[in-house]
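Chemist: Before I ask anything, let me first share the structure, which is written out below as structure tokens.
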Amino acid sequence: MIRILARYSILFVLTLLVLAVMSFSLAYLFPGDVLANLTGIVPANDEQRAALEKQFRLDRSYLVQFFYYMGDLFSGEWGYSFTSGIPLREEIGIAMPATIELATYSMLMALVIGIPLGYYAGMRCYSSSDYIINTTSITTYSFPVFWFALLLILVFSLQLDKAPLSGRISLLFDVEPVSGFILIDILLSDLENKRLAFKDAMSHLTLPTIAIGAISTASIVRITRRSVIDAKNQPYIAAAMSRGLSGGQIFFRHILRNALLPILPLMAIQITTLITNTMIVETLFSWPGIGNWLIQAIYQRDYPALRVGMLAVSSLVIMLTITVDMFNRLIDPSREKYEHAAI
């Protein structure tokens, strides 16, 4: 395990280095003047340009500028947003937890609904209920997430008026951010109408969570169903049946655990799709997450925000993927043995 952790650490550092080079180069790759891209200022004369280039180290070589850029990243000096004038570290500290919260609730929805449905369909494979569940999951998985989100907005927000159209919580409630998760912050706050605030936040969470979670649920249903069918066809299941074990004993002792192990590694693959779908849905529901924040930065040509935002999102995806994979190895140590044997 230590060897695997060391290998992941090296891979993480190298990947971040490549991403840092890419994010640093954005100001040079985007159209327009490099100085204007980095500062948002168009110099009026040569003297002002020379002063700005010296202030932002643009009079140095590309390599020297990159080393200064890396030093600023590690020291927490990420620069300022052109549009708001707020330090980028503070803006990301507000937007990133909102994205993580929405992705977390969507994944919980997918796990709570998808795994039981997948197990049920796998245990009753090729029955009418299995066909219904499988067809529904395939149909749902084929929906583009933005189309499904717009459909939910059209039906539940515009026609039925059952859910708010946008935002994270009503402007009537002033919740002090503590953890960045709106539901947790409401519980930690000293609001008099805490129950109404919690209900209002839940109503804002419902449609975005369903829009993201439905696609992930469909994927998990299909993966779980296939895993259960494969586990049922193994020789040890026939041996257990020949020993006279009941259906419940066979399911809980043999099928449940052995069908769950192939599912867990595939969860790491779902992380990238989950974060991507979350960032897309944020723009449709005006959810104040990192995806919506980056879209606004693109519209306003806020290049410093784009550079740091790209690096922050990529780092989040890499860290989550590594964490899930390490968790899988703790549950199933045999994976590490097979890899050592292959090496």
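Chemist: Give the ranking of Trp287, Trp78 by solvent-accessible surface, highest area first, calculated with a 1.4 Å probe. Please report the intermediate quantities before stating the final value.
Modeler: Working: Trp287 0, Trp78 80 Å².
Of Trp287, Trp78, the descending order of accessible area is Trp78, Trp287.
Chemist: Further question: Given Cα pairs under 8 Å that are at least 6 residues apart, what percent is the relative contact order of region 92-300? Intermediate values should be presented prior to the final figure.
Modeler: Values: 246 pairs, mean separation 76.4, N = 209.
RCO, region 92-300: 37 percent.
Chemist: Of the options Tyr303, Ile237, Phe327, report the single residue whose Cα projects farthest towards the positive end of the charge dipole of the chain (beta-carbon charges: Lys, Arg +1; Asp, Glu -1).
Modeler: Most positive-ward Cα: Ile237.
Chemist: Whole-Å semi-axes of region 1-144's equivalent ellipsoid, largest first, each the root of 5 times a Cα gyration tensor eigenvalue?
Modeler: Equivalent ellipsoid of region 1-144: 49, 20, 15 Å, largest first.
Chemist: With all protein chains present, how much of the accessible area of the chain (probe radius 1.4 Å) comes from carbon and sulfur, to the nearest whole percent?
Modeler: That fraction is 66 percent.
Chemist: Right, next: Going 7 Å from the Cα of Tyr28 toward and past its Cβ, which residues in region 43-77 have a backbone nitrogen under 20 Å from where you end up?
Modeler: 50, 52-74
Chemist: From the phi angles alone, apply the Karplus equation (6.51, -1.76, 1.60; θ = phi - 60°) to region 22-34 and give each ³J(HN,Hα) in whole Hz, x where the residue is Gly or Pro.
Modeler: Calculated HN-Hα couplings, in order: 5, 5, 5, 7, 4, 4, 8, 8, 6, x, x, 6, 4 Hz.
Chemist: Rounded, prolate or oblate, given the Cα gyration tensor of region 1-70, with a/c below 1.5 counting as rounded? Intermediate results must be reported in sequence, preceding the final value.
Modeler: On the way: a/c = 4.84, a/b = 3.01, b/c = 1.61.
In terms of gyration-tensor shape, prolate.
Chemist: So, one more: Taking +1 at the Cβ of each Lys and Arg and -1 at the Cβ of each Asp and Glu, which of Ser219, Leu205, Leu108 sits farthest along the dipole of the chain towards its positive end, judged by Cα position relative to the Cα centre?
Modeler: Ser219
Chemist: If amide H atoms are built 1.01 Å from N in the plane of the peptide, which residues on other chains or at least 5 residues away come under 5 Å of the amide H of Tyr80?
Modeler: Leu88
Chemist: Pop out the ³J(HN,Hα) list for region 78-88 in order, Karplus 6.51 cos²θ - 1.76 cosθ + 1.60 with θ = phi - 60°, rounded to Hz; leave Gly and Pro as x.
Modeler: Karplus-based 3J(HN,Hα) across region 78-88 equals 8, x, 10, 6, 5, 7, 9, x, 8, x, 4 Hz.
Chemist: Given +1 on the Cβ of Lys and Arg, -1 on the Cβ of Asp and Glu, and no further charges, what dipole in debye does the chain carry about its Cα centre, rounded to the nearest 20?
Modeler: 1680 debye
Chemist: Which one, Val228, Leu188, Tyr141, is farthest towards the positive end of the dipole of the chain when Lys and Arg carry +1 and Asp and Glu -1 on their Cβ?
Modeler: Farthest towards the positive pole: Val228.
Chemist: Report the extension gain between Ser128 and Ser242 in nm, rounded to one decimal, defined as 0.36 nm multiplied by the number of residues separating them, less their alpha carbon distance. Each step should come with its number before you reach the end.
Modeler: On the way: separation 114, 0.36 × 114 = 41.04 nm, distance 2.76 nm.
Contour length minus Cα-Cα distance gives 38.3 nm.
Chemist: Also, I was wondering about something else. Pop out the ³J(HN,Hα) list for region 35-45 in order, Karplus 6.51 cos²θ - 1.76 cosθ + 1.60 with θ = phi - 60°, rounded to Hz; leave Gly and Pro as x.
Modeler: 4, 5, 5, 7, 10, x, 10, 9, x, 7, 8
Chemist: Still on this model: Would you please calculate the Kirkwood hydrodynamic radius of the chain over all C-alpha pairs and express it in Å, rounded to one decimal?
Modeler: Working: mean 1/r = 0.0428 Å⁻¹.
Over the chain, the inverse of the mean reciprocal pair distance is 23.4 Å.
The values are calculated or read from the model by the stated rules, or taken from the named source; none is laboratory data. Everything numeric here is computed off the predicted structure, so don't read it as measured data. Glycine gets a Cβ as well: all are built from the backbone with ideal geometry, and neighbour counts include every protein chain shown. These accessible areas exclude ligands, DNA and RNA; they are computed on the full protein's heavy atoms, side chains included. Shrake-Rupley method; radii C 1.70, N 1.55, O 1.52, S 1.80 Å.
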